[in-house]
Each structure stands twice: as C-alpha cells, then as structure tokens.
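Written below as structure tokens is the structure these notes are about.
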Amino acid sequence: MRTFIFPLSFFVLSLITSVSFSQNKVTIPGNTGYAIPAEDDEKTERFTPNKGLSNWTNVQQSIQYFCIIKKAGTIDISINIKSVSGTQLQVSAAAKTFMISVPATKTFKLIHVGKIETKDTGTLIITINCKKKNGNTIADIQSLQLNCTVADQVFFNSKERRNAASVHLMY
C-alpha cells in the first residue's frame, strides 16, 4: 500500500503544479508588435492577423511588444518563431538581455528566451533585435508566450492596433 501512495501523491502534486502554472499563460499575437523605425502601413503587410509578424528583413529595425504589469512576479518568456535560414536574436525586457538562436525551419517552433523579475507595476516593453541574419528574411513571429507566476500579472490587449502603444493598452 505504501509503495502505491507515494507515486500517486507525487503525480497529483505534479498535476496541480502544472495546472496552476498553465493558467497564468499570456499569449501575445505576433501581429500586435511595432516595428521601430516604423514601416509604411500602406506599403507593407509586415503585421497581419493570419501570419503575425512576417517578412522581417531590415536588421536596423527592432520589433517591440507592449504589455502592462499589474502585479510583481516572475515572467518566463518564449517566442513562437520560424526562420527559413536561421538567425540570432537579442531579446530585451525588464533591464535583462537574452541571446537566442533560431534554427533554420519552415515551421513555427516555441523557443525559450528567459525569465525576468518584475518588481513593480507599469509598462513592460519586450524588444527584439537581429544580431545575425543568414538569408533574405530575419524571422516570422507567430506569438510571444509569457508564463507568469502570479494570476492576472500581465494585461495585454490582443486586438491589433497600428497606433500608439498607449492607445493599444488603453492607459
């Protein structure tokens, strides 16, 4: 009887931990980002609801995503991304910088970026820069995934807006 209770209790504890962690996941669609410097919206389809961010080619251009931190805690960032030729990116958020390598692939892959600590409420800006471009395009981003340690830690307006982030986030 004892040998059965330990594995069962471990399984139940693991299940509770994974369920509570997954409830704090925020998915930011790729099409809600901003290109800095901005592209001409009339001439490009860089950000579209069906594709997210696509055809990012300019290594001088940063991609930024905005959200509001409502509660302090840890946020684990991942990016659902693909790059036909592979690329190296720098991702910055909350005064931390991470380097990620995106392998050459034609399908989206969830790549872990890293964990940040938010000590206060306010605006969080996630900035992505290209450090090494291997082909014609840098990468396509379907979404960002934020796994938060605190429920309702992050607010994000999932509707695409091409105007200022302050309007996008309604602050």
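The values are calculated or read from the model by the stated rules, or taken from the named source; none is laboratory data. A quick note: this is a predicted structure, and the numbers were derived from the prediction, not measured. Don't worry about glycine lacking a Cβ; one is built from the backbone with ideal geometry, like all the others, and counts go over all protein chains shown. When the accessible area is computed, the model is the full protein with side chains, heavy atoms only, and any ligands, DNA or RNA have been set aside. Shrake-Rupley method; radii C 1.70, N 1.55, O 1.52, S 1.80 Å.
For region 29-154, a simple Cβ point-charge model (Lys and Arg +1, Asp and Glu -1, everything else neutral) yields a dipole of about 440 debye relative to the Cα centre. Contact order for region 37-105, expressed relative to its length and based on alpha carbon pairs under 8 Å spaced 6+ residues apart, stands at 20 percent.
Checked against a 27 Å cut-off, the cross-linked pairs 71/131; 25/109; 70/133; 106/131; 71/132; 25/51 give Cα-Cα distances beyond that limit for 71/131; 70/133; 71/132.
Carbon and sulfur: what percent of region 112-157's accessible surface (1.4 Å probe)? Carbon with sulfur: 41 percent of the solvent-accessible area.
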